[in-house]
Structure formats: C-alpha cells, structure tokens
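Below is one structure; the comments refer to it alone.
The values are calculated or read from the model by the stated rules, or taken from the named source; none is laboratory data. Everything quoted here is computed from the prediction, not taken from an experiment. Reconstructed Cβ throughout: ideal geometry from the backbone, glycine too, with neighbour counts over all protein chains shown. We work out accessible area using only protein heavy atoms, side chains counted, and drop any ligands, DNA or RNA first. Shrake-Rupley method; radii C 1.70, N 1.55, O 1.52, S 1.80 Å.
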Amino acid sequence: MEAAWGRLMRQRMNACALGFLVVLVILCCIGPLLSPYDQSQQDLELKATNPSPAHWLGTDPLGRDMLTRILHGGRVSLEVGLLATAVAVIIGVLYGMISGLAGGRTDAAMMRIVDILYAFPFVNFVILLMAIRGREFWLIFVAIGAVEWLTMARVVRGQVLALKNLEFVIAARACGAGFWHIVWRHLLPNVTGPVIIYASLTVPGVMLLEAALSFLGLGIQPPDASWGVLIQDGAHAMESYPWLLIYPGLFFSATLLALNLLGDGLRDAFDPKSMSQQ
Amino acid sequence: MIRFIVSRFVQGIIVIFAVITITFALSKMVPGGSVKNERFISKEAQKAQDEYYGRDKPWIVQLGLQFKHYATLNLPESEHYKGRGVDEIIASGFPVSATVGGAALLIALTIGVPLGAYAALRPNTLEDRASTLAAILGVCAPSMVLGPLIALLFGLKLRWFNASGWFDSWDWVLPAFTLGIIYSGYIARLTRGSLRETLAQEFIRTARAKGAGEASVVFLHALKLASLPVLNFLGPAAAGMLTGSFIVETVFQLPGLGQFFVSAAVNKDIPLAIGLSTFFAALIVSFNLVVDILQSVLNPRIRLHS
Amino acid sequence: MRWIIRVLILAACMGGIAWFHHVRTHRPTRVEVANRAGILLAGNGSEPETLDPHLASGQPEHMIFHSLFEGLIAPAPGNPDGDAPGAAASWSAENFTVWTFKLQPQGKWSDGTPITAADFLYSYQRILTAQLGADYASMLYPMLNAEDYHTGKIKDFSQVGVKALDPLTLQITLKGPAPYLPSMIKHYAWFPVPRHTIEKFGKMTDRNTRWTRPANMVCNGPFKLKSWEVNQALEVERNPHYWDAATVKLNGVIFLPISSDTTEELAFKDGQLHVTLTMPLSKIPAYRESKSPYYHTDPLLSTYMYRCNTKKKPFDNPLVRRALALAIDRESITRNILRAGQQPATGLTPPGCNPDYHVPNVMRFDPAEARRLLAEAGFPDGKGFPSFDILINTSESHRALAEAVQAMWKEHLHIPAGVLNQDWGVYLESQRRFEYQIARFGWVGDYLDPSTFLTIWQTGDGNNNTGWGSQRYDELIHQSFKEGDVAKRLQLLSEAETILLNEAPMLPIYWYTHSYLMRPEVKGLLPSLLEHRCYKAVELRP
C-alpha cells in the first residue's frame, strides 16, 4: 500500500490532481460560510450581471451570487458523483465477477437481467419514483444506481472471462484455492485497471444525470442547485449570459480532469505489470 | 456456435417479454393515469376514452393484450399520436436515428481509438496529458452545451450546414459530430487504459524484444486484446446511439426515435412506451450477442457457452 | 519527392475546403426559397397529436386548424379577434339566444362536395356523443340541451338546440343569452367535419381512424393537407374549392414542430422560419433592447396564477390567502424576471375581454398590510406558520418564478415555502386530488368575454380544484347566464370577480404575452388575444 502511495506521488501530476481535489472539497465545505451572500439570496433588480468585485463570478437572472451557488452546488455534485459512482462500482464489479466466474446458466441469466435493465424505461421509472416519494434525496441514488452499474458489470465480466483461463488462475484452482481467494488475490488486482478508468468516466455521467433528474423533479429542490443544474440552466442562457455556463462548467471539467488524472495514476500505481516497465 | 446463437435468441425473447411487463407495470403505477389535460374533461368523455383504449379492463387482461400484440407481430396504435401505429412511428424514426447514430459511432471510433492508442504509447508525457484533457472535455461536455455550440459555429457562423432540421442530405453531419465527440472521449480513455495494461504483458514485450515494428505490434496484438473493455462499453452504447439521443434530437430538431422515448413517458402513451422499450431491448440483446461473439474471436481464451 | 506529395495533398485539402465553403455558403436559405414559392414557414411547437378538430386539445393543433378548417364565423382579415363570414355568409341573433346562420351558397369541402347545414348537425352530434370522448365537448354546453345529450340524460339529438331550417340555413338555440357566441364559435370544437370522409374510414366515434392522413383528409378551410411527416413538417396547400379562394395569397404553409425554443430561435436566425411560435426567455431582453425588427410581443387572453388548496389549513383562512397575495411583488416579477412586456395581474380577467368590462383592481403589493393580515390570522411575524410547497410542473420558467415568490414570502412574511416540481401528469393529478398547498395554474381564455375566466370558480366546477365556493358568487354567475342586457351582464360578472379576488382562492400573478420572432416580409399575420390566425390574409412581400 505504502509502495503504491509512493509510486502515485512520484508523478508530480498526480500530486497536483490530488491537491486540487482536496482544496476543492475544502472550498465547497467552508466557502459558502465565508461568502457574504446566501446561495438563495436574491436581488431581483440586479438580474444577471457580469463578474464584478462584489460578485466575483457574476450573478444569475434572479440576482443570486454565482460563486456562492457554485461552491454550494459543488457539495451536492461531489457527494452524488462520488457516492453514486462508488455504489455503481461495487455492484458492477461484484456482479460482473460472479457472472464471469460462474459461467454457464448463471452467467446467461445474470447477463440477461443486465440486458433487461438496459432496456428499462428509465423516464417512466423516474416519474414513478417522483410521484410516490416526491423529494427524498436518497431516491436519486436509487435512480442512478439502477442504471450506472450495468456497463461496469459487463466490462468486469469480459475481463474475468479472459482471465479465468489464464495459467495462474488455473494453477491456483488446481492448488485448491477457494473462490474468494481467487477473486481477492488474482482477479481483483487484474481488473482494477479498467474499473478505475471506467469509474472515473462514470462520475461526470452521474453528475449530469443528477441534473436531468433534478430538472424532472427528483433530487435536489429549488432554490438549491448542483453543478449539473447550474450547467443546464447556463446552457439555456448560453448566448445571453455566457458566464452562467462558463464558470460552473470550468469547475466541473477541472474536477473531472483531476479525477481522471488521478485515476490514471492510481491505475499505474496499483498495476505491478506496467510498473516494471518503467 | 449455432447452438449458442439459438439459445441466445430464446433468451432474448424472454428478455423482451420481461421488458414489456416492466414497462407496462411502471407506467400503470404512476398516479394520474391517462390525465394529461390541464382543462377538466367531463366524466363521460374520460370514461369513453378509457373504454376505447381498454383501460377499464383488469391490468392482467391489458398486459395479456400487449403480449398478444407482440407475439403476433401486430403492434398496437399509439394513444397520443392518434391513428398512428407504434410500428409506423418506429419505422419513420429509426432510419433517421440510425443514420445519425451510425455516423456518430464511426466518428467516435475514428477519433477515440487513435487518440487513446497514441496516449498509451507515450505514458505520462505532455502528449498523454493533452490527449487526456481532450478526452475529458469530450466526456464532460453535455450534449445540450456542445450541440448548440456546434450549431452556432458550423450552422450560423460558417453557414456550412443547416443549424437544425432534417431537410438536405448533409443534415446528419452536425448531430453526428456532437454525439460522436462525446463518445470518443469515453473510447479514448478506455483504449488508453486497457492498452497500457496489455502493452505491459509478457508476450508483447517478447514481441517487442524480437524487434517487431512498434506499429505492427500495437495494432496486431495489443489492440486486439485491449479492445475488451471498449467492446463491452460499445455494445449497449451503440444501441443507445442508434436509437437516438433525446437532447441531440431536440437541439437539432431531428425526426428520430430519441424524442419519443421521453414523450411517450411524459404523455402516458403506454403502447408507444412499451413498443420503444421492446425495440430497444431487441437491439441491446443483439448487440450484446455480437459483443460476446467478437470477444471470443479476438481473445481465443474466452469460450462461448450456450 | 515525398514533400512534393505532401504539399500536393495539403493543397488538395485546402482547395476542397474552399470549394465546399463556397458551395455551402452560396446556397439560398429555406426562407428565400419559400418566399419565391409563396410558402409560409411557421414554427409550431410540438408534434400535433391529431388533425381531428374534435379530438385535439393542444396549441400546435390550434395553430394549424385555422388553415385547414373554418367555422361558421371566421377571424377577420384585419383583426383575427373580429368576426368575418366563414362557412356562414351572414348571421342574425334574437336576444343573443336564437342564432340563425345562412351558409355560403358556394361552400364546398376540399373534395368538391357541397357543405350543408346537415354537416354541422352531424359535427355537433359527433363531438357531443359521449363515446367519442372529445376533450372539448363541454365547449358546446351553452347550446340548449347539449350537456344533457353528452351526459346521456337525453338520447334524442333532435332535442339539442341546433336545427337545419333548410340545406343552407342553420339555427342554433342557446340556454340563455350569450353575446360572445361569435367569438366562441371560432374555437375548433365548433368546426364542421366531413361526414362522408369520416364514415369512409370508420365509425363516427372511432378515435383512431386515418381520415386525417394526407391522401384521405377532406377539410373546408383556405388550405388543405398536402403532407405530414411526424416530427419533421406538416405542409398545407391551397384549397381550390374554398369559397373565398380568390382572397388566399399564400400557396401554402409549412408547420415545423420545433419543441425547443432555443432550437427554434437558432432555426429562425438560420433562415429556416418566417415566424416562430415562441422564443427563449433569456433572449428577450437582448431583442428588446436592440429594437430588433424581428421581435414581436402581443398580449394574450391568459392569466398566470397560483391557486390555494382551501381544504388545507392554514389556506382555508381568507386572511392568510390575502396576505400571500399582497406579499407578491408582481411588478418586480414582470420587470425583472419575465421581461417580455407581461403585465402584473391586478385582477383575474386580463384586459381586452370586453372594452366595457370593469376589471376590479384588487391585487396589489403591500407587505405591511400582508403582515397585518397574517398576524390577524394568528401568525404574527410568520411564527407557527407550517412549511408548505409551491407545486409546479417541470419547466425552467415556472421554477424561476416559484423561486422568486418563495423568496418574497420569506422576506416579507417570514414563512417557509418550498418548491415542489412534478411531472405534468402527476402535477395535474395532485391538484385534482387536493394533494397540494399552493399550485401554479394558467388559464387561457377561449373567447372574448370575462365569463371564460369566471365560470370555472363556481362551487364544484371541474376546473376549480381549490375547494373554494361561495353561494353569492355562484348566484351572480347564474344571473349573468340569464341576463339579456349587455351592460347589466358585465356588471354582474364584475361583482362576482370582486368577491373572488377578495376571497383569493387563487393569486393572479401576471397576464401573459406572446413573444415571438417574425420576418418583415410576412404581412397580414396580425396579433390576436386568442391566438387566432387568419391565414388567407397572410402574404409574403420580400
């Protein structure tokens, strides 16, 4: 573990990415407290204004301070993005691994369930969730969780299918190693690569999905906003008030770039094969 | 192989009927039923409509009717678009979505795979970081931002293409690029990751040591093996692209299928919603079948089992 | 050698791009082509559900119907809200109750079959037949016994107040005096439908027949259906059998179903549309400030309001409702958020219903008085006021307005309001089941008369949905149905509206405007409070 940490930090870029994320999390947590404005405080007369000394990143059409709203929204987005992705990764990896290892009928049945869920009428499902339990925040995890793990499961299953007939796995089996031992010692380390890469790609998807769900009425409720919601609103006013799109978009992309760079670094650090090459 | 395909076909039929049941149940459970007009409709009119569409029958009978429609391949009519068969709507929308989606898929692959491969061959260099940055920008750009930007630039400013609509033979270009750029980001990242992994494996290093040219090594061995995660991502993604994206179709005003996925749910058009998810399920099943076969072709260690 | 090939390839690429650029930038826009062909390109919102006037209920259909069909009375070329001869050449009324229409002697369907009074009888019978399940059947209820026929109390259609005196004379008898009938009869629920075509493709009450498909459809308007591609375009062309075909100036209209306002505006700027249906809220200020020749804004007969569930505490208390009404700064909302020339609603009925109608101006912004009323209701300084939600359907503009009202109530009354966003169907159902506290509500007038806004608030009316009812109010409305004197009738309605506004079961916020973009070569497409269009007067003069 320590060795992996050392390898991770050896790359300056990884350290930078990690530092950026830490600073961002701290900013999102304490930033709204330091701001002289409340994120929902309106100044209708002000309307949407360009960035100024009073409002560093401008204001939205209801005269609310964008910086405060972005930092406040970051909390929601990071929470949803990271937690929902974590849930999707755990379900997807376990499901894919079991399916791939089991093979035969179990594998077929499990994969057809995945097919069914792919074709799941998602909009109907969201409308139903919303109609039953209006505004409970955890529902958004149910809605996102229902769809985001599927590809992960298929990717992991594909890797496992390829790995399970490799010499070292067969050898371990022959030596009488248990199921979990094989999973833990041989398969898991070898699927981390694609899993980390795919997980870092899932985060933006999840954050944007959260915005779409919030727009439909599931998730965060006005006047709160997440990055996804701010970007969505900004996109509609893109030509008239570009800063409403640019700043939330910058925060969003920078965070995801950092996450992906860190993902690359983690992948390298945990992958013994590619290390020996350097 | 034939036994494998036949068995998957049978499984596919089960999947389709499961999807019909789920879609039906979800749509029926939403409160509000068939009400979609803000204005009050007299009880008599509401009752007549419910009778006409068979909504007064028990659920199980209604579901049975849906099954019958699909078992006899005699698809029902949409409730919202009155007098239009579900099959007619799919037949008019799918070619448009498939044209745009197919082009987008090709664009995504032509940009994504080389970008990812290039980065993987030069890990942790400036080129690698630049390619990651480009890919992430693609992944992060929501189609509702990228679409209007592309329409503004190539439609309004340069006037090369129509900013929206489906009228002349060039109208697929802008939506296909919007969709393609977004997916190319995913493909580039996945390609880079798995290629890095494969390049480190024993036999590739052996091949390199033997002095095989870099390019031929990469493209003959490594890329083939590295394609697993990309393939597994692409199967369902391709099905999604071919059936159209709601946002891209709204931004570019395309008469594709994507818009109907949302409008059927919002309009409580149950026959159309069922028809669309069934169609999508059929695509998913076939694409995942193709992926599974390709997997075993590319990597002989993976065996097909029926 | 190699570099020569490279340079050559590079040159070829550059040449190719330059050629492509030249070709593509020199093609005419769709509007230029359409101008030459005399075809109007109109943005039309979402894809029409149907072209059967008895089954339609939405705005896209409304915009198309005036090109395909014509009622007894048509929108006047100089003022679409005025009355001009349509399928009827002339008409007369007795005490606003018995109306006699003389049909056009040359009136024909688009397949050449003559239009007779029997066609109207058939049409009214069709829409009033319960089995058809027509959404707008209730539009015909002012007709004598129409409601009883629709609900099945009368089985014999000959008892309904409509008669063919001879093939070209139609007589409509109403329940009571309705001076607004000419305006009401322009609504598509009153349009004639061709019996011979409908019955060729199915039963009278079949909802799913294909008689509205391009090859099958027969209509009586200035245009007839040429083609209809789902989600792409619907094209109408000249109807040579139209009685006033000589007046029609356009060769056709293409309606484009563009559901996103952002896309529609882009398409307009790209030269694909002559006129848009709407435009993005965020673009309006820029068009207004630059005094763009394309930008138009017309008042509409439509009110945006919040209704209160008077079955739930504390909204059962009129003091609370009035306090809420007084704490909304409508002027600031229209000036700062909407910014498209909307007027703050001082009452319910929008201006323009009737020049002689006196709208009671009760609604105003008075936070001090609002606080006083709230204290009187038992919530001094908002203390103890339960938290509640403003229910809206999914839309960015409803959300922005709800957020603003939420902030105003918090600031002026110190009461906590949330915003609850629901899908359209669920939102309607919540209101019908009284599972809400405050809900957004918009009402569009069907004809030029205050009664189109006031009758819905009668006790137990299907559109009321507030649980509010007042005996006095119901009495006044009923008296107005019987009153034959125009001035007295308006007096009764005004009195009723005053009661309604003082009790405030709903809080009017603003009166809508219709903002859209139109190219200057379009002549004769005039503003209308009811969004009626007189297509035969429209002309393209580039």
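Along the axis of the charge dipole computed for the protein assembly as shown (Cβ charges of +1 for Lys and Arg, -1 for Asp and Glu, origin at the Cα centre), the listed residues C:421, B:158, C:97 are led at the positive end by B:158.
Which helices count as membrane-span-like in chain B under these terms: full DSSP H, at least 30 Å along the axis by C-alpha, Kyte-Doolittle mean of -0.5 or more? Before the final figure, lay out each step's value.
Numbers: long enough: B:2-29 (40 Å, 1.75); B:86-121 (49 Å, 1.51); B:173-199 (36 Å, 0.63); B:270-298 (41 Å, 1.92).
Helix filter hits for chain B: B:2-29, B:86-121, B:173-199, B:270-298.
Working note: Debye formula, equal point scatterers on the alpha-carbon atoms of the range B:68-190, no solvent; log10 I(q)/I(0) at q = 0.11, 0.14, 0.19 Å⁻¹ is -0.54, -0.74, -1.00.
Rounded to the nearest 5, what is the percent of antiparallel bridges among the DSSP beta bridges in the protein assembly as shown? Just about 80 percent of them are antiparallel.
Summarised in one figure, the compactness ratio Rg/Rh of the range C:434-542, Cα atoms and Kirkwood Rh, is 1.10. Summed over both chains, the contact between A and C buries some 2400 Å² of accessible surface at a probe radius of 1.4 Å. In the range C:433-498, the alpha-carbon atoms span a convex hull of 96 Å³ per residue. With 29 Å as the limit on Cα-Cα distance, the pairs of C:203/C:249; C:108/C:249; B:82/C:108; B:43/C:488 that go past it are C:203/C:249; B:43/C:488.
Going from the isolated chain to the complete set of protein chains, the range A:220-235 loses at least 20 Å² of heavy-atom accessible area (1.4 Å probe) at A:221, A:222, A:223, A:231, A:232, A:233, A:235. By the Cα gyration tensor, the range A:54-144 has an equivalent ellipsoid whose semi-axes, rounded to whole angstrom, run 39, 17, 10 from largest to smallest.
About the Cα centre, and with charges only on the beta carbon of Lys, Arg (+1) and Asp, Glu (-1), how big is the dipole of chain C? Nearest 20 debye, please.
In total the dipole reaches around 1340 debye.
Computed from the Kirkwood radius of its Cα pairs, the Stokes-Einstein diffusion coefficient for the range C:120-179 at 10 °C and 1.306 mPa s stands at 136 µm²/s.
Which whole-number value in Å³ per residue fits the convex hull of the alpha carbons of the range C:195-251? Intermediate results must be reported in sequence, preceding the final value.
Values: hull volume 5.1 nm³, N = 57.
For the range C:195-251, the hull spanned by Cα atoms encloses 89 Å³ per residue.
Checking understanding here: applying a Kyte-Doolittle mean of at least 0.0 and a length along the axis of at least 30 Å (C-alpha), which whole DSSP H helices in chain A pass? Show your work: numbers first, answer last.
Working: long enough: A:12-34 (32 Å, 2.17); A:66-102 (51 Å, 1.46); A:139-163 (36 Å, 1.55); A:188-216 (39 Å, 1.44); A:243-270 (40 Å, 1.11).
In chain A, the long hydrophobic H runs are A:12-34, A:66-102, A:139-163, A:188-216, A:243-270.
Averaged over residues, the count of other Cβ atoms within 10 Å places the peptides C:16-24, A:11-19, B:43-51 in the sequence B:43-51, A:11-19, C:16-24, highest first.
If you take the accessible area of B alone plus A alone and subtract the pair, what total do you get in square angstrom, rounded to 100, with a 1.4 Å probe? Could you put the intermediate results ahead of the total?
Working: alone 17160 and 14730 Å², together 26510 Å².
About 5400 Å² of accessible surface is lost on pairing.
Computed over the alpha-carbon atoms, the protein assembly as shown gives an Rg to Rh ratio of 1.00, Rh here being the Kirkwood radius from the mean inverse distance.
So what does log10 I(q)/I(0) come out to for the range C:223-304 at q = 0.14, 0.19 Å⁻¹, using the Debye formula with one equal point on every Cα and no solvent? Calculated log10 I(q)/I(0) at the listed q: -0.67, -0.98.
Expressed in Å, the radius of gyration and Dmax of the Cα atoms of the range A:170-278 are 20.7, 68.
Translational diffusion coefficient of chain A at 10 °C, 1.306 mPa s, Stokes-Einstein with Kirkwood Rh over Cα pairs, in µm²/s as a whole number. Present the calculation step by step, with values, prior to reporting the outcome.
Values: Rh = 21.0 Å.
For these conditions, the coefficient is 76 µm²/s.
Can you pull a Stokes-Einstein diffusion coefficient for the range A:212-271 at 20 °C (1.002 mPa s), Rh from Kirkwood over Cα pairs, as a whole number of µm²/s? Walk me through the numbers before you get to the answer.
Values: Rh = 13.2 Å.
Once the numbers are plugged in, D ends up at 163 µm²/s.
Around the Cα centre of chain B, unit charges on the Cβ atoms of Lys, Arg, Asp and Glu (plus for the first two, minus for the last two) sum to a dipole of about 760 debye. Run through the range C:410-459 and list the trypsin sites (Lys or Arg not before Pro) located in a DSSP loop whose Cβ has at most 11 other Cβ atoms within 10 Å. Taking the range C:410-459 and a limit of 11 other Cβ atoms within 10 Å, the loop trypsin sites (Lys or Arg not before Pro) found are C:433.
Would you compute, from DSSP H runs of 4+ residues alone, the mean residue ellipticity of chain B at 222 nm, taking -39500 (n - 2.57) per run and dividing by the full residue count, rounded to the nearest 500? Display every interim value, and only then the final one.
Values: 13 runs with 213 residues, N = 306.
That calculation yields -23000 deg cm²/dmol at 222 nm.
Charges only on Cβ, +1 for Lys and Arg, -1 for Asp and Glu: so what's the dipole of the range A:72-276 about the Cα centre, in debye to the nearest 20?
Values: 12 positive and 13 negative charges, 152 e Å.
That gives a dipole near 740 debye.
In Å², rounded to the nearest 100, what is the total accessible surface buried by chains B and C against each other with a 1.4 Å probe?
Values: alone 17160 and 23670 Å², together 35500 Å².
Buried surface at the B/C interface: approximately 5300 Å².
Give me log10 I(q)/I(0) at q = 0.08, 0.09, 0.11 Å⁻¹ for the range B:96-258, Debye formula, one equal scatterer per alpha-carbon, no solvent. Taken in order of the listed q values, log10 I(q)/I(0) reads -0.28, -0.35, -0.50.
Can you pull the percent of chain C's accessible area that's carbon plus sulfur, 1.4 Å probe, other chains left in place? List each step's numbers first, then the result.
Details: 10860 of 19900 Å².
Carbon and sulfur atoms account for 55 percent of the accessible area of chain C.
The value obtained for the range C:174-214, namely the Cα convex hull volume divided by the number of residues, is 102 Å³ per residue. Fraction of C-alpha pairs exceeding 27 angstrom in chain B: 55 percent, rounded to a whole number. In this entry, the range C:45-134 is assigned a mean projected area of 7.5 nm², taken as a quarter of its C-alpha convex hull surface. Entry comment: accessible area of the range B:96-258 is 34 Å² per residue, from protein heavy atoms only and a probe of 1.4 Å.
Can you compute the helix-only [θ] at 222 nm over chain C? Use -39500 (n - 2.57) per DSSP H run of at least 4 residues, normalise by all residues, nearest 500 deg cm²/dmol.
Computed mean residue ellipticity for chain C: -9000 deg cm²/dmol.
Accessible area per residue, 1.4 Å probe, Å², for chain C: what's the number? Don't skip to the answer; put the middle values down first.
Details: 19900 Å² over 542 residues.
Counting only protein heavy atoms, the per-residue value for chain C is 37 Å².
Both radii come from the Cα set of the range C:78-216: Rg as radius of gyration, Rh as Kirkwood radius; their ratio Rg/Rh reads 0.95. Helices meeting the span-like rule in chain C (full DSSP H runs, Cα extent of at least 24 Å along the helix axis, mean Kyte-Doolittle score of 0.5 or higher): C:2-25.
What fraction, in whole percent, of alpha-carbon pairs in chain C exceed 33 Å separation? So the portion of pairs separated by more than 33 Å is 48 percent. For the segment C:415-423, counting C-beta atoms of other chains within 10 Å of every residue's C-beta and taking the mean gives 6. Between the residues C:267, C:65, A:89, the greatest Cα displacement towards the positive end of the dipole of the protein assembly as shown, with unit charges on the Cβ of Lys, Arg, Asp and Glu, is found for A:89. Compared with its chain on its own, the range B:219-261 contains the following residues whose accessible area drops by 50 Å² or more in the full protein assembly (probe 1.4 Å; ligands, DNA and RNA excluded): B:229, B:232, B:253, B:255.
Using the Cα atoms of the range B:108-172 to build a convex hull, what is its mean projected area in square nanometres? Mind showing how you got there, number by number?
On the way: hull surface 22.0 nm².
Average projection, Cα convex hull of the range B:108-172: 5.5 nm².
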